[in-house]
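Colleague: Below is the structure I would like to discuss, written out as structure tokens.
Rule-based calculations on the coordinates, nothing more; no lab input. Predicted model only: the values in this text are computed from it and were never measured. Note that we place each Cβ from the backbone using ideal geometry, even for glycine, and neighbour counts take in every protein chain shown.
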Amino acid sequence: MTRITYSIAFKLEALKLLETLSDYKVAGLLNVARRTLRNWPKQRNELLAYKGNKKRLKSKKPQGDLSELRDEFPLEFHRSYSAHSKECTYNVDETGFYYDMPPHYICAVRGGSSKISAG
């Protein structure tokens, strides 16, 4: 089951309809679940205070920009990392790679101390 998202403009239109019609009728007209519709009046102030673009947009880049980025990336990558020899390169997908990092959790033996030594 996928989650449905509604634009702010759509929610504001539904709120206008709710002023004159019942939630059953508005839910049927807009094909929105009544439970979802009942939450929108609680958000009225937040929806009206939003100053940005209320229209749903896609954040896709034009194809020309993407092909330009595709051409620039390898050049920038090789320029940045050409000083490193092949012996300095590790494939961490296939190689066990360990480094000194403090643990997220401290485990101790039952009855023992969980104190960390300074050195």
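Colleague: What's the number of the condition GLY52 fails, among (1) surrounded by fewer than 10 Cβ atoms within 10 Å (Cβ to Cβ); (2) in contact with a Ser or Thr (Cβ under 9 Å, 6 or more places away or on another chain)?
Modeller: All conditions are met except number (2).
Colleague: Okay, next question. Restricting attention to the stretch 5-40, which residues are of a type in the set (Asp, Glu) and either surrounded by 12 or more Cβ atoms within 10 Å (Cβ to Cβ) or under 23 Å from GLY52 (Cα atoms) (or both)?
Modeller: GLU13, ASP23 - these are the residues of the stretch 5-40 that are of a type in the set (Asp, Glu) and either surrounded by 12 or more Cβ atoms within 10 Å (Cβ to Cβ) or under 23 Å from GLY52 (Cα atoms) (or both).
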